[in-house]
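Report on the following structure.
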Amino acid sequence: MRTVHLAAPDDFDGWRDAARALALARVPPEEIVWHAGDGAPDLFADEAVLDTAVEGAFSVPRAFVALARDAVCHADAERFALLYAMLLRLRDQPRLIEDHADPLLRRIEELAKAVRRDVHKMRAFLRFRELEEGDQPRFVAWFEPEHHIVRINAAFFVRRFATMRWSILTPELSLHWDGATLSEAPGASKADAPAGDPLEETWKTYYASIFNPARVKIGAMLKEMPKKYWKNMPETALVPQLIAGAQARESGMIAKSDLKVADAVAAEPPADVGGNSRLAWEALREEAAACTRCHLYKHATQTVFGEGPIDATLMFVGEQPGDQEDLAGKPFVGPAGQMFDRALAQAGVDRGTVYVTNAVKHFKFEQRGKRRIHAKPQGPEIEACRWWIEQERVLIRPPLTVALGATAARSLLGKVVTISGARGRPHVLQDGGEAWVTVHPSYLLRIPEREKAEEEYARFVADLRAAGARAKELA
């Protein structure tokens with residue numbers, strides 16, 4: 001039996017080096033015990049250390065490396081062994097990474113998904129409190145993550161709060177930023193963080209003012225903002241009383257709707273629907289702007305994130321930004337977008353009420369002279385971007401999502417489908433949402449025969465009209 005000691009619970013580089021050496025030596029998974037955190041100096045406690053730079057190399061799909069980076073941060077004690085077992089199988093079957101029905105791959109994907117969810121929760125629910133310290137204030141936050149995500153979140157908080165002096169305290173690890181240098185320290189306790197600050201009452205007032213009683217869905221709210229995070233969020237102390245008074249406030253809003261519009265507006269200014277979801281969405285969009293999950297970012301002008309109302313009941317997912325979208329930084333503004341807008345208008349669907357995004361966030365193209373010619377994204381690129389689509393759907397929670405084209409359908413459904421086979425019927429997504437599939441508007445632009453083009457356009461408009469009606473039913 002061999003024992004591998006890793007420097008920390010999130011030590012991906014250590015796991016990768018050890019796994020490479022073990023795989024080259026053909027050591028079976030059942031002969032390895034993985035330990036993380038206690039820092040034994042030897043790679044193997046029971047046998048001589050293998051040289052991690054041994055001759056001989058092998059490659060694994062890029063998607064597995066990205067998956068492993070996330071999964072390593074899970075709290076599951078079996079994660080290192082599961083990843084190593086997967087690594088050995090991928091050496092012989094590289095395309096196994098595309099088989100999402102494989103039980104081992106599915107389990108690892110679930111680990112990675114849980115880590116990404118925890119990363120997002122930390123960014124959305126961490127609250128700084130001001131602490132007087134010398135001439136400049138320091139902002140201190142206490143957070144209790146489920147997984148080992150503090151280090152992989154550090155860069156996000158440095159970018160977002162670069163000019164602040166802050167500390168993030170967690171039971172496992174603490175981070176300190178002085179405006180120039182990030183340092184680590186051992187874990188702390190909640191008592192080390194301030195219990196409140198002068199701005200807390202202002203924040204509570206703001207939260208109460210944006211609370212919309214007409215949209216209270218307690219189950220959905222608890223799913224998005226589980227109670228375990230409430231204890232460290234000042235505004236959540238208001239939630240019970242706001243929910244208790246929601247029915248009365250909603251009744252008051254309905255009564256006011258009978259007044260003339262101008263009077264009603266004056267009596268009840270429209271609330272900024274979204275609250276924390278909008279803040280979380282903005283943070284997600286900011287994070288996506290620095291995405292390097294696949295190689296496409298190297299050549300594209302920028303990340304093209306989704307746009308539309310945070311409370312949209314209908315979401316459209318296209319393939320990827322085109323040339324004009326890449327330059328503008330907005331989805332569906334080129335020729336296909338104009339076709340999409342025209343069809344939406346004919347279908348009676350207001351684009352201002354729907355959320356529009358793409359399965360792949362960067363423009364993939366082939367350079368031909370001065371022209372950039374669209375290139376279809378491949379499986380690993382779609383898989384790398386599924387993280388963003390999943391997070392957008394978690395925040396928007398649209399009852400109905402429409403995939404425009406085969407790439408979008410693959411991203412949403414997690415498998416390759418044909419438009420002819422998937423069109424015209426509902427599909428149940430993993431989160432329980434409903435999806436429909438239709439063609440991408442760019443397909444309509446490529447049909448040379450006028451009669452055929454008109455026929456397909458009419459079918460597309462009919463699909464959009466049906467989607468609009470269905471979204472209203474599900475809302």
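Once the piece of chain linking residue 35 and residue 96 is laid out straight, how much longer is it, given 0.36 nm per residue of separation minus the C-alpha distance between them?
19.2 nm
Would you mind getting the accessible area per residue of the range 412-457, heavy atoms of the protein chains only, 1.4 Å probe, in Å²?
Ligands and nucleic acids excluded, the result is 61 Å² per residue.
Would you please name the GluC sites (Glu not before Pro) within the range 72-148 that are DSSP coil residues with at most 12 other C-beta atoms within 10 Å of their C-beta?
For GluC sites (Glu not before Pro) across the range 72-148 that sit outside H, G, I, E and B with at most 12 neighbouring Cβ atoms in 10 Å, the list reads 78, 132, 133.
Of the cross-linked pairs 190/361; 364/415; 190/227; 121/361, which ones have a Cα-Cα span greater than 27 Å in the structure shown? Provide the component values of the computation, followed by the final result.
Working: 190/361 39 Å; 364/415 21 Å; 190/227 17 Å; 121/361 22 Å.
Too far apart for the 27 Å limit: 190/361.
List the residues of the range 403-424 whose backbone N lies under 20 Å from a point placed 7 Å from the Cα of residue 342 along the Cα-to-Cβ direction.
Within reach of a label on residue 342: 404-405.
Quick check for you: with a 1.4 Å probe and neighbouring chains kept, what is the accessible area per residue of the range 56-147, in Å²?
46
Remind me, relative contact order of the range 303-425 in percent, using alpha carbon pairs under 8 angstrom and six or more residues apart?
Reported relative contact order: 34 percent.
If you add up the charges near residue 339, with Lys and Arg at +1 and Asp and Glu at -1, over every other residue whose beta carbon is less than 12 angstrom from its beta carbon, what do you get? Don't skip to the end; give the middle numbers.
Working: positive: 342, 446; negative: 341, 456.
Charge balance in the 12 Å sphere: 0.
Can you give the local net charge around residue 286? Use residues other than it whose beta-carbon is closer than 12 angstrom to its beta-carbon, Lys and Arg +1, Asp and Glu -1.
Taking every Cβ under 12 Å from that of residue 286, the sum is +2.
On the accessible surface of the range 332-467, probed at 1.4 Å, how many percent belong to carbon and sulfur atoms?
53
Calculate, for the range 314-383, the solvent-accessible area per residue in square angstrom, rolling a 1.4 angstrom probe over the heavy atoms of the protein chains.
43
Tally Lys/Arg at +1 and Asp/Glu at -1 over every other residue whose Cβ is under 14 Å from the Cβ of residue 156; what's the total?
With Lys, Arg at +1 and Asp, Glu at -1, the neighbours total +3.
Can you list, largest first and rounded to whole Å, the semi-axes you get for the range 338-425 by taking the square root of 5 times each eigenvalue of its Cα gyration tensor?
Ellipsoid half-lengths, sorted descending, are 23, 19, 15 Å.
Mean shadow of the range 281-365, computed from the convex hull of its alpha carbons, in nm²?
Hull-based average projected area comes out at 5.5 nm².
In the range 284-325, what percent of the accessible surface is made up of carbon and sulfur (1.4 Å probe, ligands and nucleic acids excluded)?
Numbers: 720 of 1640 Å².
Here carbon and sulfur together make up 44 percent of the probe-accessible area.
The values are calculated or read from the model by the stated rules, or taken from the named source; none is laboratory data. Keep in mind that what you see is a predicted model, and the values were worked out from it rather than measured. Methodologically, a virtual Cβ is constructed for each residue, glycine included, from the backbone with ideal geometry; neighbour enumeration extends over all protein chains shown. To get the accessible areas, we keep the full protein, side chains included, count just its heavy atoms, and leave off ligands, DNA and RNA. Shrake-Rupley method; radii C 1.70, N 1.55, O 1.52, S 1.80 Å.
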